[in-house]
Amino acid sequence: MNKNYDVIVVGAGPAGLMSAISAGEQGARVALLEKNKKPGRKLLMTGGGRCNVTNNRPVADLITHIPGNGRFLYSTFAQWDNQDIMAFFATQRIPLKEEDHGRMFPVTDRSKTILQGLTTAAEKAGVTFLLQTAATKLITDGEGRISGVRTDQGDFQAPAVILTTGGITYPGTGSTGDGYKFAKALGHTVTPLFATEAPLVSEENFIKSGALQGLALQEAALSVMGKNGKPIVTHKMDLLFTHFGLSGPAALRCAYFVNKLLRERPDQPVTLVLDGQPDATAQEVATQIKRMLASKKTVKNALNGLLPERLLQLYLDTLQIADLPAVQMTEVQVQQLAALIKQFPIRVTRTIGLEKAFVTAGGVNLKEVSPKTLESKLCPGLFFAGEVLDINGYTGGFNITSALCTGHVAGQHAAQTVGYW
Ligand SMILES: Cc1cc2nc3c(=O)[nH]c(=O)nc-3n(C[C@H](O)[C@H](O)[C@H](O)COP(=O)(O)OP(=O)(O)OC[C@H]3O[C@@H](n4cnc5c(N)ncnc54)[C@H](O)[C@@H]3O)c2cc1C
(Lines give C-alpha, C1' and ligand atoms only; values in the text may rest on other atoms or scores of the structure.)
Protein backbone atom coordinates (compact mmCIF):
# COMPACT_ATOMS: atom_id res chain seq x y z
CA MET A 1 0.00 0.00 0.00
CA ASN A 2 1.26 3.47 -0.91
CA LYS A 3 1.93 5.40 2.26
CA ASN A 4 3.35 8.58 0.75
CA TYR A 5 1.08 11.40 -0.31
CA ASP A 6 1.22 15.14 -0.91
CA VAL A 7 -1.80 15.87 1.24
CA ILE A 8 -3.49 13.67 3.87
CA VAL A 9 -6.98 14.64 4.96
CA VAL A 10 -8.17 13.21 8.30
CA GLY A 11 -11.96 12.70 8.49
CA ALA A 12 -14.39 12.25 5.59
CA GLY A 13 -17.27 14.54 6.51
CA PRO A 14 -18.23 17.45 4.24
CA ALA A 15 -15.10 19.42 5.24
CA GLY A 16 -12.77 16.47 4.59
CA LEU A 17 -14.41 15.46 1.32
CA MET A 18 -14.24 19.02 -0.02
CA SER A 19 -10.65 19.48 1.20
CA ALA A 20 -9.66 16.31 -0.64
CA ILE A 21 -11.49 17.33 -3.83
CA SER A 22 -9.93 20.77 -3.85
CA ALA A 23 -6.39 19.52 -3.16
CA GLY A 24 -6.84 16.71 -5.70
CA GLU A 25 -8.08 19.14 -8.37
CA GLN A 26 -4.86 21.11 -7.88
CA GLY A 27 -2.94 17.98 -8.87
CA ALA A 28 -1.90 16.86 -5.39
CA ARG A 29 -1.77 13.16 -4.52
CA VAL A 30 -4.36 13.03 -1.77
CA ALA A 31 -5.32 10.38 0.80
CA LEU A 32 -8.56 10.78 2.70
CA LEU A 33 -8.58 8.86 6.01
CA GLU A 34 -11.86 7.90 7.62
CA LYS A 35 -12.32 5.66 10.63
CA ASN A 36 -15.83 4.54 9.60
CA LYS A 37 -16.58 2.00 6.89
CA LYS A 38 -18.11 4.77 4.79
CA PRO A 39 -17.62 8.53 4.46
CA GLY A 40 -20.16 11.17 5.50
CA ARG A 41 -22.09 9.37 8.20
CA LYS A 42 -23.19 12.59 9.91
CA LEU A 43 -23.83 14.26 6.57
CA LEU A 44 -26.44 11.61 5.80
CA MET A 45 -28.37 12.59 8.94
CA THR A 46 -28.43 16.28 8.19
CA GLY A 47 -31.55 18.29 7.46
CA GLY A 48 -33.74 15.41 8.63
CA GLY A 49 -32.16 13.17 5.97
CA ARG A 50 -32.58 15.87 3.27
CA CYS A 51 -29.31 17.81 3.88
CA ASN A 52 -29.71 21.56 4.10
CA VAL A 53 -26.46 21.94 2.19
CA THR A 54 -26.15 25.73 2.09
CA ASN A 55 -28.08 28.99 2.30
CA ASN A 56 -28.76 31.40 -0.53
CA ARG A 57 -27.94 34.69 1.19
CA PRO A 58 -25.31 37.36 0.60
CA VAL A 59 -21.99 36.64 2.28
CA ALA A 60 -22.52 39.38 4.90
CA ASP A 61 -25.71 37.58 5.96
CA LEU A 62 -23.94 34.22 6.11
CA ILE A 63 -21.49 35.74 8.58
CA THR A 64 -24.26 37.09 10.84
CA HIS A 65 -25.85 33.63 10.84
CA ILE A 66 -22.62 32.14 12.16
CA PRO A 67 -22.63 33.57 15.70
CA GLY A 68 -19.57 31.53 16.72
CA ASN A 69 -16.74 33.50 15.07
CA GLY A 70 -18.41 33.96 11.69
CA ARG A 71 -16.16 36.95 11.00
CA PHE A 72 -13.16 34.67 10.81
CA LEU A 73 -14.73 33.38 7.58
CA TYR A 74 -14.56 36.67 5.61
CA SER A 75 -11.32 35.55 4.05
CA THR A 76 -12.59 32.02 3.37
CA PHE A 77 -15.78 33.31 1.72
CA ALA A 78 -13.76 35.80 -0.34
CA GLN A 79 -12.07 32.75 -1.89
CA TRP A 80 -14.99 30.30 -2.06
CA ASP A 81 -18.54 30.91 -0.87
CA ASN A 82 -22.11 29.60 -0.93
CA GLN A 83 -22.52 30.53 -4.60
CA ASP A 84 -19.49 28.34 -5.34
CA ILE A 85 -21.12 25.49 -3.42
CA MET A 86 -24.22 25.81 -5.61
CA ALA A 87 -22.08 26.01 -8.77
CA PHE A 88 -20.13 22.95 -7.60
CA PHE A 89 -23.30 20.85 -7.28
CA ALA A 90 -24.62 22.19 -10.59
CA THR A 91 -21.41 20.92 -12.21
CA GLN A 92 -22.05 17.56 -10.57
CA ARG A 93 -25.54 17.65 -12.16
CA ILE A 94 -27.12 17.79 -8.73
CA PRO A 95 -29.85 20.44 -8.84
CA LEU A 96 -30.61 22.25 -5.60
CA LYS A 97 -33.84 24.00 -4.59
CA GLU A 98 -34.45 26.93 -2.28
CA GLU A 99 -36.91 26.72 0.62
CA ASP A 100 -37.90 29.26 3.28
CA HIS A 101 -35.23 31.48 4.87
CA GLY A 102 -32.88 30.82 1.93
CA ARG A 103 -32.29 27.17 2.86
CA MET A 104 -30.93 25.07 -0.02
CA PHE A 105 -31.63 21.33 -0.39
CA PRO A 106 -31.03 18.79 -3.13
CA VAL A 107 -34.09 18.47 -5.39
CA THR A 108 -34.12 14.75 -4.55
CA ASP A 109 -34.71 15.61 -0.86
CA ARG A 110 -32.04 13.07 0.01
CA SER A 111 -28.74 13.70 1.79
CA LYS A 112 -27.38 10.71 -0.07
CA THR A 113 -27.42 12.73 -3.30
CA ILE A 114 -25.12 15.33 -1.74
CA LEU A 115 -22.78 12.68 -0.36
CA GLN A 116 -22.68 10.93 -3.74
CA GLY A 117 -21.84 14.23 -5.45
CA LEU A 118 -18.92 14.76 -3.09
CA THR A 119 -17.56 11.20 -3.28
CA THR A 120 -17.84 11.13 -7.09
CA ALA A 121 -15.99 14.45 -7.35
CA ALA A 122 -13.31 13.14 -4.97
CA GLU A 123 -12.86 10.00 -7.07
CA LYS A 124 -12.61 12.13 -10.22
CA ALA A 125 -9.95 14.26 -8.52
CA GLY A 126 -7.93 11.06 -7.94
CA VAL A 127 -8.37 10.99 -4.15
CA THR A 128 -7.43 7.70 -2.44
CA PHE A 129 -10.04 6.76 0.17
CA LEU A 130 -8.55 4.95 3.16
CA LEU A 131 -11.65 3.79 5.03
CA GLN A 132 -11.70 2.01 8.39
CA THR A 133 -8.45 3.81 9.09
CA ALA A 134 -8.41 5.74 12.34
CA ALA A 135 -5.80 8.43 12.85
CA THR A 136 -4.20 8.21 16.28
CA LYS A 137 -1.59 10.97 16.13
CA LEU A 138 -0.14 13.64 13.87
CA ILE A 139 3.57 13.20 13.17
CA THR A 140 6.06 16.07 12.90
CA ASP A 141 9.67 16.23 11.78
CA GLY A 142 12.52 17.32 14.04
CA GLU A 143 11.74 20.99 13.31
CA GLY A 144 8.07 20.95 14.26
CA ARG A 145 6.76 20.73 10.68
CA ILE A 146 4.01 18.26 9.90
CA SER A 147 5.28 15.09 8.24
CA GLY A 148 2.42 12.62 8.38
CA VAL A 149 -0.28 10.80 10.30
CA ARG A 150 -0.08 7.74 12.54
CA THR A 151 -3.09 5.44 12.17
CA ASP A 152 -4.23 2.03 13.35
CA GLN A 153 -3.06 0.84 9.89
CA GLY A 154 0.45 2.25 10.25
CA ASP A 155 2.12 5.57 9.46
CA PHE A 156 1.36 7.68 6.36
CA GLN A 157 3.70 10.44 5.21
CA ALA A 158 2.81 13.81 3.68
CA PRO A 159 4.16 17.36 3.86
CA ALA A 160 0.60 18.68 4.33
CA VAL A 161 -2.18 17.35 6.58
CA ILE A 162 -5.72 18.73 6.82
CA LEU A 163 -7.56 18.01 10.06
CA THR A 164 -11.30 17.66 9.42
CA THR A 165 -12.41 15.43 12.27
CA GLY A 166 -15.54 17.48 13.09
CA GLY A 167 -16.98 18.27 16.53
CA ILE A 168 -18.26 16.01 19.30
CA THR A 169 -22.02 15.94 18.81
CA TYR A 170 -23.68 12.66 17.82
CA PRO A 171 -20.44 10.76 18.58
CA GLY A 172 -21.95 7.58 17.12
CA THR A 173 -21.32 9.11 13.69
CA GLY A 174 -17.56 9.01 14.29
CA SER A 175 -17.20 12.66 15.37
CA THR A 176 -15.67 11.94 18.77
CA GLY A 177 -13.36 14.91 19.10
CA ASP A 178 -10.10 13.14 18.18
CA GLY A 179 -8.93 16.20 16.25
CA TYR A 180 -8.94 18.35 19.38
CA LYS A 181 -6.49 15.94 21.04
CA PHE A 182 -4.27 15.85 17.95
CA ALA A 183 -4.22 19.65 17.74
CA LYS A 184 -3.49 20.01 21.47
CA ALA A 185 -0.59 17.56 21.22
CA LEU A 186 1.00 19.96 18.71
CA GLY A 187 0.63 22.95 21.02
CA HIS A 188 -2.76 24.29 19.90
CA THR A 189 -5.33 25.43 22.40
CA VAL A 190 -8.94 24.32 22.15
CA THR A 191 -11.58 26.74 23.40
CA PRO A 192 -14.26 25.26 25.71
CA LEU A 193 -16.57 22.86 23.88
CA PHE A 194 -20.30 23.03 24.48
CA ALA A 195 -23.58 22.18 22.81
CA THR A 196 -25.25 24.58 20.44
CA GLU A 197 -28.22 24.38 18.06
CA ALA A 198 -29.86 22.20 20.72
CA PRO A 199 -33.36 22.14 22.23
CA LEU A 200 -33.81 23.97 25.54
CA VAL A 201 -34.81 22.31 28.83
CA SER A 202 -37.15 24.11 31.24
CA GLU A 203 -38.52 23.18 34.67
CA GLU A 204 -41.43 25.63 34.43
CA ASN A 205 -44.68 24.13 35.72
CA PHE A 206 -46.46 24.66 32.42
CA ILE A 207 -43.73 22.63 30.72
CA LYS A 208 -43.74 19.84 33.32
CA SER A 209 -47.54 19.62 33.24
CA GLY A 210 -47.45 19.29 29.44
CA ALA A 211 -49.94 22.18 29.13
CA LEU A 212 -48.34 23.38 25.90
CA GLN A 213 -46.73 20.13 24.73
CA GLY A 214 -46.91 19.83 20.95
CA LEU A 215 -47.96 23.46 20.43
CA ALA A 216 -46.15 25.02 17.46
CA LEU A 217 -46.00 28.81 17.09
CA GLN A 218 -45.19 30.33 13.73
CA GLU A 219 -42.79 33.28 13.64
CA ALA A 220 -42.85 33.83 17.41
CA ALA A 221 -40.08 36.04 18.76
CA LEU A 222 -37.90 34.40 21.39
CA SER A 223 -35.29 36.48 23.22
CA VAL A 224 -32.47 35.44 25.54
CA MET A 225 -32.22 37.96 28.36
CA GLY A 226 -28.78 39.03 29.57
CA LYS A 227 -27.63 39.77 33.09
CA ASN A 228 -28.86 43.35 32.82
CA GLY A 229 -32.36 42.19 31.88
CA LYS A 230 -31.96 43.30 28.27
CA PRO A 231 -32.24 40.90 25.32
CA ILE A 232 -28.91 39.57 24.07
CA VAL A 233 -30.47 38.10 20.98
CA THR A 234 -33.97 37.70 19.52
CA HIS A 235 -35.03 35.11 16.96
CA LYS A 236 -38.30 35.40 15.11
CA MET A 237 -38.88 31.92 13.80
CA ASP A 238 -41.01 28.87 14.44
CA LEU A 239 -41.08 27.55 18.00
CA LEU A 240 -42.25 24.21 19.37
CA PHE A 241 -43.20 23.38 22.97
CA THR A 242 -42.14 19.85 23.94
CA HIS A 243 -42.45 17.65 27.02
CA PHE A 244 -39.07 18.92 28.29
CA GLY A 245 -38.96 22.50 27.06
CA LEU A 246 -38.58 24.32 23.77
CA SER A 247 -37.51 23.20 20.33
CA GLY A 248 -37.87 24.40 16.74
CA PRO A 249 -35.59 26.86 14.92
CA ALA A 250 -36.15 29.81 17.30
CA ALA A 251 -35.17 27.71 20.34
CA LEU A 252 -32.19 26.06 18.60
CA ARG A 253 -30.80 29.45 17.61
CA CYS A 254 -31.00 30.65 21.23
CA ALA A 255 -29.06 27.63 22.55
CA TYR A 256 -25.60 29.12 21.91
CA PHE A 257 -26.43 32.21 23.99
CA VAL A 258 -28.13 30.16 26.73
CA ASN A 259 -25.07 27.97 27.15
CA LYS A 260 -22.73 30.95 27.11
CA LEU A 261 -24.69 32.50 30.00
CA LEU A 262 -24.89 29.17 31.86
CA ARG A 263 -21.12 28.81 31.60
CA GLU A 264 -20.75 32.15 33.41
CA ARG A 265 -23.33 31.38 36.14
CA PRO A 266 -24.16 27.65 36.11
CA ASP A 267 -26.58 27.73 39.06
CA GLN A 268 -28.88 30.38 37.67
CA PRO A 269 -31.51 29.56 35.06
CA VAL A 270 -31.48 31.73 31.96
CA THR A 271 -34.62 33.73 31.28
CA LEU A 272 -36.05 33.73 27.78
CA VAL A 273 -38.92 35.95 26.80
CA LEU A 274 -41.59 34.92 24.33
CA ASP A 275 -43.37 37.55 22.28
CA GLY A 276 -46.49 35.90 20.86
CA GLN A 277 -47.37 38.90 18.68
CA PRO A 278 -44.04 40.36 17.57
CA ASP A 279 -45.56 42.52 14.83
CA ALA A 280 -47.76 44.52 17.21
CA THR A 281 -46.84 46.84 20.09
CA ALA A 282 -48.17 46.16 23.60
CA GLN A 283 -50.57 49.07 23.09
CA GLU A 284 -51.86 47.61 19.84
CA VAL A 285 -52.36 44.24 21.54
CA ALA A 286 -54.27 45.95 24.38
CA THR A 287 -56.48 47.75 21.86
CA GLN A 288 -57.19 44.48 20.09
CA ILE A 289 -58.08 42.81 23.43
CA LYS A 290 -60.48 45.63 24.32
CA ARG A 291 -62.18 45.37 20.93
CA MET A 292 -62.74 41.65 21.45
CA LEU A 293 -64.05 42.10 24.99
CA ALA A 294 -67.19 43.93 23.91
CA SER A 295 -69.32 40.84 24.39
CA LYS A 296 -71.43 39.06 26.98
CA LYS A 297 -69.19 36.01 26.99
CA THR A 298 -66.48 35.04 29.45
CA VAL A 299 -63.02 36.51 28.84
CA LYS A 300 -61.84 33.15 27.52
CA ASN A 301 -64.60 32.90 24.92
CA ALA A 302 -64.45 36.58 23.98
CA LEU A 303 -60.71 36.34 23.26
CA ASN A 304 -61.01 33.14 21.24
CA GLY A 305 -58.65 33.43 18.25
CA LEU A 306 -56.37 36.05 19.80
CA LEU A 307 -53.68 33.41 20.38
CA PRO A 308 -53.48 29.63 19.99
CA GLU A 309 -56.05 28.25 22.44
CA ARG A 310 -53.70 26.58 24.92
CA LEU A 311 -51.38 29.56 25.10
CA LEU A 312 -54.32 31.89 25.71
CA GLN A 313 -55.62 29.54 28.42
CA LEU A 314 -52.20 29.54 30.12
CA TYR A 315 -52.04 33.35 30.16
CA LEU A 316 -55.63 33.70 31.39
CA ASP A 317 -55.00 31.09 34.11
CA THR A 318 -51.84 32.96 35.14
CA LEU A 319 -53.94 36.11 35.60
CA GLN A 320 -56.92 34.10 36.92
CA ILE A 321 -59.37 35.80 34.58
CA ALA A 322 -60.46 32.99 32.21
CA ASP A 323 -64.02 32.75 33.55
CA LEU A 324 -64.52 36.42 34.28
CA PRO A 325 -67.36 38.02 32.28
CA ALA A 326 -65.62 39.91 29.45
CA VAL A 327 -67.21 43.23 30.34
CA GLN A 328 -65.75 43.05 33.86
CA MET A 329 -62.14 42.88 32.72
CA THR A 330 -60.39 45.98 34.04
CA GLU A 331 -57.93 48.25 32.25
CA VAL A 332 -55.16 46.91 34.52
CA GLN A 333 -56.01 43.32 33.59
CA VAL A 334 -56.03 44.23 29.90
CA GLN A 335 -52.58 45.78 30.24
CA GLN A 336 -51.37 42.75 32.23
CA LEU A 337 -52.57 40.36 29.54
CA ALA A 338 -51.04 42.46 26.77
CA ALA A 339 -47.76 42.46 28.72
CA LEU A 340 -47.85 38.65 29.07
CA ILE A 341 -48.52 38.24 25.35
CA LYS A 342 -45.59 40.50 24.51
CA GLN A 343 -43.19 39.35 27.24
CA PHE A 344 -43.85 35.90 28.62
CA PRO A 345 -40.82 34.76 30.67
CA ILE A 346 -39.62 31.17 30.37
CA ARG A 347 -36.72 30.03 32.57
CA VAL A 348 -34.37 27.54 30.99
CA THR A 349 -31.99 25.42 33.08
CA ARG A 350 -29.90 23.82 30.34
CA THR A 351 -29.83 22.69 26.74
CA ILE A 352 -29.88 19.11 25.52
CA GLY A 353 -26.31 17.77 25.83
CA LEU A 354 -23.56 17.48 23.26
CA GLU A 355 -24.50 13.94 22.34
CA LYS A 356 -27.80 15.15 20.82
CA ALA A 357 -26.96 18.74 19.89
CA PHE A 358 -26.63 19.59 16.21
CA VAL A 359 -23.39 21.54 16.50
CA THR A 360 -20.35 21.90 18.79
CA ALA A 361 -19.43 25.41 19.92
CA GLY A 362 -15.73 25.91 20.64
CA GLY A 363 -12.82 24.18 18.97
CA VAL A 364 -9.31 24.84 17.69
CA ASN A 365 -8.44 28.39 18.71
CA LEU A 366 -8.70 30.64 15.65
CA LYS A 367 -5.91 32.90 16.89
CA GLU A 368 -3.58 30.03 16.03
CA VAL A 369 -4.89 29.58 12.48
CA SER A 370 -4.27 31.79 9.42
CA PRO A 371 -7.67 33.04 8.21
CA LYS A 372 -6.37 33.24 4.64
CA THR A 373 -4.92 29.76 4.25
CA LEU A 374 -6.37 27.92 7.30
CA GLU A 375 -2.84 26.73 8.05
CA SER A 376 -1.71 26.37 11.64
CA LYS A 377 0.46 29.25 12.85
CA LEU A 378 2.19 26.80 15.19
CA CYS A 379 2.84 23.78 13.00
CA PRO A 380 3.66 24.47 9.33
CA GLY A 381 1.92 22.09 6.93
CA LEU A 382 -1.05 21.46 9.25
CA PHE A 383 -4.40 22.85 8.06
CA PHE A 384 -7.89 22.84 9.60
CA ALA A 385 -11.40 22.87 8.16
CA GLY A 386 -14.96 22.32 9.35
CA GLU A 387 -16.40 21.94 12.80
CA VAL A 388 -13.07 21.10 14.45
CA LEU A 389 -12.45 24.86 14.27
CA ASP A 390 -13.96 27.22 16.86
CA ILE A 391 -16.78 28.19 14.49
CA ASN A 392 -20.49 27.47 14.85
CA GLY A 393 -23.45 28.60 12.80
CA TYR A 394 -27.21 28.53 13.15
CA THR A 395 -29.26 25.74 11.65
CA GLY A 396 -30.28 26.71 8.13
CA GLY A 397 -27.33 25.32 6.17
CA PHE A 398 -24.66 27.55 7.71
CA ASN A 399 -22.58 24.77 9.28
CA ILE A 400 -22.22 22.69 6.14
CA THR A 401 -21.50 25.93 4.27
CA SER A 402 -18.69 26.63 6.72
CA ALA A 403 -17.40 23.04 6.42
CA LEU A 404 -17.44 22.99 2.60
CA CYS A 405 -15.96 26.47 2.17
CA THR A 406 -13.18 26.06 4.73
CA GLY A 407 -12.56 22.61 3.24
CA HIS A 408 -12.18 24.01 -0.24
CA VAL A 409 -9.83 26.79 0.88
CA ALA A 410 -7.71 24.52 3.12
CA GLY A 411 -7.41 21.95 0.32
CA GLN A 412 -6.25 24.54 -2.15
CA HIS A 413 -3.61 26.03 0.14
CA ALA A 414 -2.44 22.63 1.35
CA ALA A 415 -1.85 21.61 -2.28
CA GLN A 416 -0.07 24.89 -2.97
CA THR A 417 2.22 24.34 0.02
CA VAL A 418 3.56 21.26 -1.65
CA GLY A 419 3.93 22.98 -5.00
CA TYR A 420 0.83 22.15 -7.06
CA TRP A 421 -0.63 25.32 -8.53
C1 LIG B 1 -28.66 15.58 13.30
C2 LIG B 1 -27.86 16.68 12.63
C3 LIG B 1 -28.42 17.40 11.59
C4 LIG B 1 -27.70 18.44 10.99
N5 LIG B 1 -28.25 19.10 9.93
C6 LIG B 1 -27.54 20.08 9.32
C7 LIG B 1 -28.03 20.70 8.13
O8 LIG B 1 -29.07 20.32 7.57
N9 LIG B 1 -27.29 21.71 7.59
C10 LIG B 1 -26.10 22.12 8.14
O11 LIG B 1 -25.48 23.05 7.62
N12 LIG B 1 -25.57 21.49 9.21
C13 LIG B 1 -26.25 20.48 9.79
N14 LIG B 1 -25.70 19.82 10.86
C15 LIG B 1 -24.30 20.15 11.27
C16 LIG B 1 -23.32 19.50 10.28
O17 LIG B 1 -23.66 18.14 10.11
C18 LIG B 1 -21.87 19.59 10.76
O19 LIG B 1 -21.56 20.91 11.10
C20 LIG B 1 -20.93 19.08 9.67
O21 LIG B 1 -21.17 17.72 9.39
C22 LIG B 1 -19.47 19.28 10.07
O23 LIG B 1 -18.69 18.76 9.05
P24 LIG B 1 -17.19 18.26 9.30
O25 LIG B 1 -16.74 17.68 8.02
O26 LIG B 1 -16.41 19.34 9.92
O27 LIG B 1 -17.31 17.12 10.41
P28 LIG B 1 -18.15 15.70 10.44
O29 LIG B 1 -19.29 15.75 9.49
O30 LIG B 1 -18.42 15.52 11.87
O31 LIG B 1 -17.10 14.67 9.89
C32 LIG B 1 -15.93 14.32 10.62
C33 LIG B 1 -15.46 12.95 10.14
O34 LIG B 1 -14.18 12.68 10.71
C35 LIG B 1 -14.11 11.31 11.05
N36 LIG B 1 -13.11 11.13 12.09
C37 LIG B 1 -13.12 11.62 13.34
N38 LIG B 1 -12.02 11.25 14.01
C39 LIG B 1 -11.28 10.50 13.15
C40 LIG B 1 -10.03 9.83 13.26
N41 LIG B 1 -9.32 9.81 14.40
N42 LIG B 1 -9.57 9.15 12.18
C43 LIG B 1 -10.29 9.12 11.02
N44 LIG B 1 -11.47 9.72 10.87
C45 LIG B 1 -11.97 10.43 11.92
C46 LIG B 1 -15.52 11.00 11.52
O47 LIG B 1 -15.80 9.63 11.51
C48 LIG B 1 -16.37 11.81 10.55
O49 LIG B 1 -16.73 11.04 9.43
C50 LIG B 1 -26.39 18.77 11.47
C51 LIG B 1 -25.84 18.04 12.51
C52 LIG B 1 -26.56 16.99 13.10
C53 LIG B 1 -25.92 16.22 14.21
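The values are calculated or read from the model by the stated rules, or taken from the named source; none is laboratory data. For clarity, every value in this text was computed on a predicted model and none was experimentally measured. Note: ideal-geometry Cβ built from the backbone for every residue, glycine included; neighbour counts use all protein chains shown. Heavy atoms of the whole protein, side chains included, go into the accessibility calculation; ligands, DNA and RNA do not. Shrake-Rupley method; radii C 1.70, N 1.55, O 1.52, S 1.80 Å.
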Task: Per-residue ³J(HN,Hα) for region 59-76, Karplus 6.51 cos²θ - 1.76 cosθ + 1.60, θ = phi - 60°, Hz, x for Gly and Pro - done: 4, 4, 6, 4, 4, 6, 8, 10, x, x, 6, x, 5, 4, 8, 3, 5, 4
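What shape does region 98-197 take by its C-alpha gyration tensor, where a ≥ b ≥ c are the square roots of the eigenvalues and a/c under 1.5 counts as rounded, a/b above b/c as prolate, and the rest as oblate? Please report the intermediate quantities before stating the final value.
Working: a/c = 2.38, a/b = 1.47, b/c = 1.61.
Here region 98-197 falls in the oblate category.
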Task: Rounded if a/c under 1.5, otherwise prolate or oblate - region 370-421, Cα gyration tensor axes - done: oblate
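Which order do you get for Glu264, Glu197 if you rank them by accessible area with a 1.4 Å probe, largest at the top? Display every interim value, and only then the final one.
Values: Glu264 110, Glu197 0 Å².
The most accessible residue leads, giving Glu264, Glu197.
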Task: Order of exposure, largest accessible area first, which applies to Glu309, Glu375, Glu284 with probe 1.4 Å - done: Glu309, Glu284, Glu375
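Could you size up the charge dipole of the chain around its Cα centre, putting +1 on the beta carbon of Lys and Arg and -1 on that of Asp and Glu, and report it in debye to the nearest 20? Before the final figure, lay out the partial values.
Values: 42 positive and 35 negative charges, 73 e Å.
Approximately 360 debye in magnitude.
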TODO: Report the accessible area of His235, computed with a 1.4 Å probe over the heavy atoms of all protein chains in place, in Å² rounded to the nearest 10.
DONE: 20 Å²
TODO: Pull up all non-local amide H partners of Leu389: gap of 5 or more, or a different chain, and H-to-H distance under 5 Å with H placed in the peptide plane.
DONE: Val364
TODO: Give the angle, between 0 and 90 degrees and rounded to the nearest 10, that separates the Cα long axis of helix 331-342 from the longest principal axis of the Cα atoms of the chain.
DONE: 10 degrees
Open item on the list: Cut-off 10 angstrom, C-alpha nodes, Gaussian network model of the chain. Which of Phe244, Phe77, Phe358 fluctuates the most?
Closed with: Phe244
Task: GNM top mover of Ala12, Ala282, Ala28 - the chain, alpha-carbon springs below 10 Å - done: Ala282
Task: Relative contact order of region 346-421, pairs being alpha-carbon contacts under 8 Å that are 6 or more residues apart, as % - done: 28 percent
Task: Residue (of Asn36, Pro58, Gln92) at the positive-pole extreme of region 26-94, dipole from beta-carbon charges - done: Asn36
Task: Alpha carbon centroid spacing (whole Å) that separates region 366-421 from region 192-243 - done: 33 Å
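Rounded to the nearest 20 Debye, what is the dipole magnitude of region 167-286 about its Cα centre when Lys and Arg each give +1 and Asp and Glu each give -1 at the C-beta?
Numbers: 10 positive and 11 negative charges, 113 e Å.
Roughly 540 debye for region 167-286.
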- [ ] Rank Val332, Val233, Gln313 by how far each Cα sits towards the positive end of the charge dipole of the chain (+1 on Lys, Arg Cβ; -1 on Asp, Glu Cβ) and give me just the farthest.
- [x] Gln313
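As a test of the formula, what do you get for the chain when each DSSP H run with n ≥ 4 contributes -39,500 (n - 2.57) and the sum is divided by the residue count, at 222 nm and rounded to the nearest 500 deg cm²/dmol? Intermediate results must be reported in sequence, preceding the final value.
On the way: 14 runs with 144 residues, N = 421.
So the helix-based figure for the chain works out to -10000 deg cm²/dmol.
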Task: For Gly13, residues with placed amide H under 5 Å, excluding near neighbours - done: Gly40
Open item on the list: Show me, for region 149-160, the HN-Hα J-couplings you get by feeding each phi into the Karplus relation (A = 6.51, B = -1.76, C = 1.60, θ = phi - 60°), rounded to Hz, glycine and proline as x.
Closed with: 9, 8, 9, 6, 10, x, 8, 10, 9, 6, x, 9
TODO: Hand me the trypsin sites (Lys or Arg not before Pro) from region 9-51 located in a DSSP loop with no more than 12 other Cβ atoms within 10 Å, in residue order please.
DONE: Lys37
Task: Candidate residues Phe88, Phe384: accessible-area rank, largest first, probe 1.4 Å - done: Phe88, Phe384
